[in-house]
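Okay, so here's the structure we're looking at.
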Amino acid sequence: MPAGLPACPTGFSQEDFLRETGLSADWLRRTRELLDLKRQLILQGVPGTGKTHVARSLARCLTDGRDECVRLVQLHPAYSYEEFVEGIKVRSVEVEGRHEVTYPVEPGLLGAFAAEAAERPSQPHVLILDEINRGNLPRLFGELLYLLEYRGQSVRLPYSRREFQLPANLYLLGTMNGADRSVVLLDQALRRRFSLIEMAPDARVLSSWLTEHPPAAGPAFAARVLSLFERLNARLSNDIGPQGQIGHSFFMVPDLDEARLRLIWQHQVWPLLEEHLAAQPRLLVGYRLEELLDDSPRPAGKRRRIDKPVASTEASSHVL
C-alpha cells in the first residue's frame, strides 16, 4: 500500500488546482491527508458551492491530469449493483450465420475501473460518485462495503465467483447536497467509511474569482456583488439556518453586470429561496434583489415593513 499520495505532478499541479478552485493550499493539504487515511472522501455542501468542480479538479491533481485515470458517474435511485460492480448481461452473438443470445457475466463501472487501476499500481486512479446520496449505496456496493473499510482484503463476487479487491491506488470521491430534502442522508455504516469535508459558501473564493475575472460593470460592482452575497447568506442563516445558504458559484459568471445579475437572481437564486422559505412566505419580500443590494444602513434586524401578507407566488412577481 502506498505510504501516501505523491505531490501533484506537473500535468496538473497544485498551483493549477488552487487557481481553478480558489481554495487554499491548507485545504488541499488537509484533503490529501484524509485521502491517505481512508481513500474515500465526500464533499458535502449546499447548492452552488462547486462540489463537482472541486472533485474533478482534485481528481486531475491526483492523477497528473490523466483523463484515462478518472471516471465520473452520476448516481440515481435506479442505478444497480449489476451496472456498478458486475452482473449478467444479455448479448447477441453470430454463430455460423445465426444470431444466438448469450448471458455472460461482465464487470460494471467499478469492477472494470478497479481492474485498470490494479494494472498500474503506481498511478492513482479516481472514481467520482456525483450526488452520492441519490444512489442506494448498500445495494450498489453490496459486499464491497467491507472492502471500503478493509483495503487489502478480498471478497468473492456473487455472479462470477471470483475474488475481488479494491486496489490501494483507487480513490473514491463523492459529492453530496446536504440541503436536498428529497433524498436520504448517508447511514452511519456508510458515513464511517468515508471522510466528509463541508463545502460551505465562501466569500473568499468569490472575492478571488471576481478579482481574476473583473465584472464588465467594473470593480465597484464587484464589491456590491460580494456584499450582496454576504448579506444574503447572513440573512438566510438568521432566518432558517446555515443549511439554507446559497453557494458562491451562482455569482461566478464571466462579464457579470447588473443585467446578468438580475437574470441569475430571478431564474437561479429566487427559486431556491422560494423553496427554502415555503413555510415562511412573508420573509420572501426581504430577499428581493433591490432589498439586498441597498447599501443604506438600517438598524440591526430592521427590515422594510410589510402592510399585508405576501404569498410566495406574489413575491415571485416582484423578485426584481
Looking across region 263-296 at residues that are open to solvent by less than 60 Å² (accessible area, probe 1.4 Å) and charged (D, E, K, R), the single one that is farthest from Pro242 (Cα to Cα) is Asp294
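Among Arg134, Arg191, Arg162, Arg156, which is the only one that is in contact (Cβ under 8 Å) with a residue 40 or more places away in the chain, open to solvent by 30 Å² or more (accessible area, probe 1.4 Å) and charged (D, E, K, R)? Show your work before the answer.
Details: Arg191 fails: in contact (Cβ under 8 Å) with a residue 40 or more places away in the chain; Arg162 fails: in contact (Cβ under 8 Å) with a residue 40 or more places away in the chain; Arg156 fails: in contact (Cβ under 8 Å) with a residue 40 or more places away in the chain.
The match here is Arg134.
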Over region 37-89, the set of residues in contact with a His (Cβ under 8 Å, 6 or more places away or on another chain) and in a helix (DSSP H, G or I) is Cys69
Flagged in region 137-148 as modelled with pLDDT of 90 or more and open to solvent by 70 Å² or more (accessible area, probe 1.4 Å), in numbering order, are Tyr146
Of the residues in region 83-106 that are touching a residue at least 40 places away in the same chain (Cβ under 8 Å) and open to solvent by 50 Å² or more (accessible area, probe 1.4 Å), the one that is nearest to Glu163 (Cα to Cα) is Val105
message: Condition first: over 24 Å from the mean Cα position of the chain (by Cα) and open to solvent by less than 30 Å² (accessible area, probe 1.4 Å). Can you find one or more residues in region 240-250 that meet it?
response: no
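The values are calculated or read from the model by the stated rules, or taken from the named source; none is laboratory data. Note that the structure is predicted; figures quoted are calculated from it, not measured. Heads up, the Cβs are rebuilt from the backbone with ideal geometry, glycines too, and the neighbour counts pull from every protein chain shown. In case anyone asks, the SASA skips ligands and DNA or RNA and just uses the protein heavy atoms, side chains included. Shrake-Rupley method; radii C 1.70, N 1.55, O 1.52, S 1.80 Å.
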